[in-house]
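Right, one structure below, let's go through it.
The values are calculated or read from the model by the stated rules, or taken from the named source; none is laboratory data. Please read all numbers here as calculations on a predicted model, not as lab measurements. Note that we place each Cβ from the backbone using ideal geometry, even for glycine, and neighbour counts take in every protein chain shown. To get the accessible areas, we keep the full protein, side chains included, count just its heavy atoms, and leave off ligands, DNA and RNA. Shrake-Rupley method; radii C 1.70, N 1.55, O 1.52, S 1.80 Å.
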Amino acid sequence: MTARPDAKDPDVAAARAVIYLRVSTRDQAKRGGEAEGFSIPAQREACLRKAEGLGAEIVGEFVDAGESARSANRPELQRMLAHVKGNRVDYVIVHKVDRLARNRVDDVEITLALKAGGTQLVSCTENIDETPSGMLLHGIMSSIAEFYSRNLATEAKKGMRQKAKAGGTPGIAPFGYLNTSERTAEGREVRTVVIDPQRAHWVPWLYERYATGEWTFGMLRDVLAEEHVTSLPRPHRPAAPLATSHIATILKNRYYAGVVTFEGVEYQGRHQALVSEDLFEQCQRVREGRVRSREKPSLRTHYLKGSVFCGQCGEPLSIQTSRGRLGTYYDYLYCLGRQVKKNGCSFVATDQSRIEALVEDEWARIEHTQDALSQIHDIIRDHFDVVLPARDHERSEAASRLAALKRDADKLMQAYYADAISVEHLRDEQTRLAAARALSERRLAQIEIARDQLEASLDRCCQLLLRPQQHYLASDDQGRRELNQAVFRRIFIVDDEVVGVDLTPAFHHLMDPNLGERLRREAAQAVTEHTKRANLHLVTNQTPDEGSKYVHESGVIAGDRPTVHRNAFCSLRRERPNGSLPWEQEKTLDAEAQGSNMTLLVGVTGFEPATSSSRTKRATKLRHT
């Protein structure tokens with residue numbers, strides 16, 4: 001559709017004009033299922049009528065669909081300005097001035113650019129021209145457009161802030177969730193967030209794997225790609241495999257722990273959490289640890305990384321490849337303390353295959369006899385009979401602690417709403433409460449472990465300790481990584497020798513030569529404490545040889561334990577066979593493995609000796625664990 005030249009004066013060339021059309025959002029550009037929505041065709045029709053009234057021929061059309069006017073960096077606008085600069089254009093026609101700019105500075109710059117090209121700006125609905133009154137009106141309308149834009153942004157942000165305070169989700173829901181709408185009984189439409197049934201289960205899978213410290217963003221990305229996991233398709237962005245940066249964003253987003261963050265402030269969300277606070281904090285500790293150690297696990301992975309440590313300084317061993325004179329590549333392990341932290345360690349880089357052989361030999365040293373395992377199994381099962389019923393008070397205390405933390409969080413938000421505390425103070429307190437909440441949730445989860453879970457874990461542990469090296473050698477790389485993580489927290493190596501190990505809490509107790517005595521003391525203490533609260537009977541036998549016996553309502557006697565022969569435990573491998581390591585004189589050991597709480601066996605409830613398999617099969621197995 002073009003305007004006809006003036007028929008009264010055919011020698012005068014028709015004026016040349018271009019039109020500029022714009023809508024702010026993609027939704028407006030596609031509204032109603034139309035190719036251009038409703039606004040753009042309406043603007044075009046008005047601009048064509050204006051051109052016809054001016055007797056101008058339309059020589060170009062520029063459309064920014066879904067571009068905000070708060071910035072002049074719009075592709076079609078810049079293309080139009082370039083066209084005006086290089087070609088004769090008499091008029092630039094817009095529906096309203098705010099279609100061109102909603103910023104006074106941009107409006108002035110665009111107007112000057114048009115004047116430099118000999119082009120006049122024309123509005124379909126506003127009488128702006130080169131006269132003083134027309135220029136005044138132009139300035140007023142431009143100022144009104146800027147005010148409207150800024151005021152709209154302020155009101156929108158106010159609404160989003162209020163929605164976040166109420167636990168809603170302002171903006172697009174992240175991976176694993178879907179934005180949807182519901183209609184209330186009053187007929188109002190409410191936008192909310194629901195679980196994405198196709199993707200939600202991958203979020204806890206990502207967190208659980210990364211929390212082990214042995215998975216990298218690249219490894220997680222590869223497995224998701226093999227399983228054909230993609231992002232949610234959007235109108236302007238098709239579905240695509242998850243990139244490394246997307247996975248990194250997922251693993252640091254507190255939204256998955258049930259928290260909505262807006263303007264740096266955290267609010268308790270109404271959406272369903274996909275991971276626990278404890279699991280989220282574990283992942284953040286892994287991220288921070290890698291930053292502090294400057295380790296780049298995405299460059300090189302090995303199933304021993306995270307399990308083997310330097311026996312001289314206690315720092316992790318990492319993998320590196322070097323090339324020999326003849327072009328042969330050699331893989332070896334080196335101490336991060338020596339090469340990265342420069343702590344003066346003298347650990348000599350050791351061939352990777354040698355370290356692997358040392359770890360294989362260490363698995364042979366933790367083997368138990370059938371007699372020892374049978375006795376361990378019996379005394380722990382009896383221990384469950386006494387300790388588990390005594391956990392009611394601890395469960396109540398942990399639940400009360402969680403409730404108190406929630407009340408503290410509510411009071412904190414009330415103080416913030418009343419302007420009694422600053423945003424910085426709010427953030428610090430929210431961080432502290434989140435860490436305390438994660439600790440309490442972890443403790444409550446340990447207390448609420450069912451007996452059948454503990455017994456199943458005990459059976460698996462005993463099965464492994466009967467032939468540990470056989471299980472280890474029969475496993476593939478991923479299986480060996482999981483076995484090492486299940487049994488060893490750290491394996492310390494100096495030169496060609498394993499000089500000590502830190503066992504995981506469950507196996508620390510199972511391999512303790514004083515296990516029977518330790519459990520007797522724990523059972524006596526548990527029953528004594530529970531007697532004060534749960535109507536247990538304290539029965540004292542006056543026979544000196546038998547000592548005191550604690551009787552539970554069920555009739556189980558804590559003082560009666562199967563006779564444990566010391567020779568059955570004499571072959572157990574001690575964690576420090578040659579005494580303390582050099583670095584332990586300056587550093588203190590973690591307290592994690594020092595207690596005797598047998599609920600720590602739950603840490604291996606999902607543990608099974610792995611067998612060799614292809615990578616795809618292993619990924620499928622991991623997905624379901």
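Here are the numbers:
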item: Selected residue [hydrophobic (A, V, I, L, M, F, W, C) and at pLDDT 75 or above] from LEU114, LEU136; result: LEU114
item: Residue under evaluation GLU214, criteria (1) surrounded by 14 or more Cβ atoms within 10 Å (Cβ to Cβ); (2) under 21 Å from LEU274 (Cβ atoms), criterion not met; result: (2)
item: HIS471 vs. criteria in contact with a Pro (Cβ under 6 Å, 6 or more places away or on another chain) and not β-branched (Val, Ile, Thr); result: yes
item: Matching strands (runs of 3 or more DSSP E) fully within region 43-125 where at least 3 residues are open to solvent by 40 Å² or more (accessible area, probe 1.4 Å); result: 56-65
item: Within region 342-371, tally of residues that are without any contact (Cβ under 8 Å) to a residue 40 or more places away in the chain and more than 26 Å from GLY324 (Cα to Cα); result: 2
item: Contacts under 6 angstrom Cβ, first residue in region 242-259 being over 14 Å from TYR177 (Cβ atoms), partner in a helix (DSSP H, G or I) and among the hydroxyl-bearing types (Ser, Thr, Tyr), 6 or more apart; result: LEU251/TYR210
item: Residues of region 171-185 that turn out to be more than 18 Å from the chain's Cα centre (by Cα) and buried (at least 16 other Cβ atoms within 10 Å of the Cβ), as a count; result: 0
item: Per-region count, region 217-237, residues open to solvent by 60 Å² or more (accessible area, probe 1.4 Å), part of a loop (DSSP other than H, G, I, E, B) and at pLDDT 90 or above; result: 1
item: Set ALA166, ALA248, ALA156, ALA240: member being open to solvent by less than 70 Å² (accessible area, probe 1.4 Å) and under 30 Å from ASP107 (Cα atoms); result: ALA156
item: In region 483-497, residue most open to solvent (accessible area, probe 1.4 Å) [restricted to those that are β-branched (Val, Ile, Thr) and part of a strand (DSSP E or B)]; result: VAL494
item: Single condition ASN253 does not satisfy, out of (1) surrounded by 14 or more Cβ atoms within 10 Å (Cβ to Cβ); (2) touching a helix residue (DSSP H, G or I) at 6+ places or on another chain (Cβ under 8 Å); (3) modelled with pLDDT of 90 or more; result: (2)
item: Matching residues, region 18-58, being touching a helix residue (DSSP H, G or I) at 6+ places or on another chain (Cβ under 9 Å), modelled with pLDDT of 75 or more and either more than 16 Å from VAL97 (Cα to Cα) or β-branched (Val, Ile, Thr) (or both); result: VAL18, ILE19, VAL23, ILE40, ALA56, GLU57, ILE58
item: Selected residue (criterion: surrounded by the fewest Cβ atoms within 10 Å (Cβ to Cβ)) from residues of region 310-328 that are assigned to a strand (DSSP E or B) and aliphatic (A, V, I, L, M); result: ILE319
item: Criterion (closer than 20 Å to GLN375 by Cα and charged (D, E, K, R)) met by exactly one of ARG481, ARG520, ARG443; result: ARG520
item: Residues within region 186-210 that are outside any strand (DSSP E or B) and either surrounded by 12 or more Cβ atoms within 10 Å (Cβ to Cβ) or hydrophobic (A, V, I, L, M, F, W, C) (or both), tallied; result: 14
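Let's see how each residue does on (1) loosely packed, with under 14 Cβ neighbours inside 10 Å; (2) in contact with a His (Cβ under 9 Å, 6 or more places away or on another chain); (3) within 25 Å of PRO577 (Cβ to Cβ):
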position	(1), (2), (3)
VAL340	no, no, no
TRP363	no, yes, yes
GLU367	no, no, yes
GLN370	yes, no, yes
ALA403	yes, no, no
LEU426	no, no, no
